[in-house]
1. Among the residues of the range 39-59 satisfying the criterion of being in a strand (DSSP E or B) and surrounded by 13 or more Cβ atoms within 10 Å (Cβ to Cβ), which is farthest from the ligand (Cβ to nearest atom)?
2. If you check every pair at least six apart or on different chains, which have Cβ atoms under 6 Å apart with a residue in the range 45-71 that is on the phi > 0 side of the Ramachandran plot first and a residue that is modelled with pLDDT of 95 or more and away from the ligand (no atom under 12 Å from the Cβ) second?
3. Would you pick out the residues in the range 17-38 that are assigned to a loop (DSSP other than H, G, I, E, B), out of contact with any helix residue (DSSP H, G or I) (no Cβ under 6 Å at 6 or more places or on another chain) and under 15 Å from residue 101 (Cα atoms)?
Ligand SMILES: Cc1cc2nc3c(=O)[nH]c(=O)nc-3n(C[C@H](O)[C@H](O)[C@H](O)COP(=O)(O)O)c2cc1C
């Protein structure tokens, strides 16, 4: 059957969900979930996410030129959902969701302590792309919870990343398959 072009992107799923944390001009933090996210380059370390034009996240990044990418596990499902609520500019979703801000070296944006990975990013480039803006960040520091990364390998089962299907639906990594 033909797929309606209002729906094509829903099939590129499930996608890992991250919380992008930023600060505004008064130093008040903001966090929002994003699932249009991808690694872009290894050297330099570049990561991108796609933001609708009106997001507070985007306005803050334009101001401070930095952000953090925080990867939540399944235990943070309801906090992630709370962070997607539309709070007035200047209200911290991190505080509203009972999450904990941590100071990151070299940038203004905070990390989120409860997430299993935190990437500190400096704005590398923004590219207007249709109804979204592709925000590319250079990862200048990365932290990971020890139990989810051993022998240079990521243990997705221990981490339990929230994979966004769409709307309020998420899934978790299932069976592991070894190719070749
Ligand atoms: C799981 C999930 C994934 C989302 N992914 C994106 C995304 O990739 N891009 C985007 O612009 N909005 C995305 N959103 C919507 C924003 O998180 C939401 O509009 C949020 O309130 C924006 O907050 P801000 O205005 O403080 O930046 C997503 C929401 C959820 C729940």
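1. 41
2. Pairs found: 65/123.
3. If the condition is that a residue be assigned to a loop (DSSP other than H, G, I, E, B), out of contact with any helix residue (DSSP H, G or I) (no Cβ under 6 Å at 6 or more places or on another chain) and under 15 Å from residue 101 (Cα atoms), then 27, 28 are the ones that fit.
Per-residue answers, yes or no, for (1) more than 28 Å from residue 10 (Cα to Cα); (2) crowded, with 18+ Cβ neighbours inside 10 Å; (3) in contact (Cβ under 8 Å) with a residue 24 or more places away in the chain:
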| residue | (1), (2), (3) |
| --- | --- |
| 110 | yes, yes, yes |
| 145 | yes, no, yes |
| 164 | no, yes, yes |
| 167 | no, no, no |
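The values are calculated or read from the model by the stated rules, or taken from the named source; none is laboratory data. What you see is a predicted model; the values in this text were computed from it and never measured. FYI the Cβ positions are ideal-geometry reconstructions off the backbone, even for glycines, and counts take in every protein chain you see.
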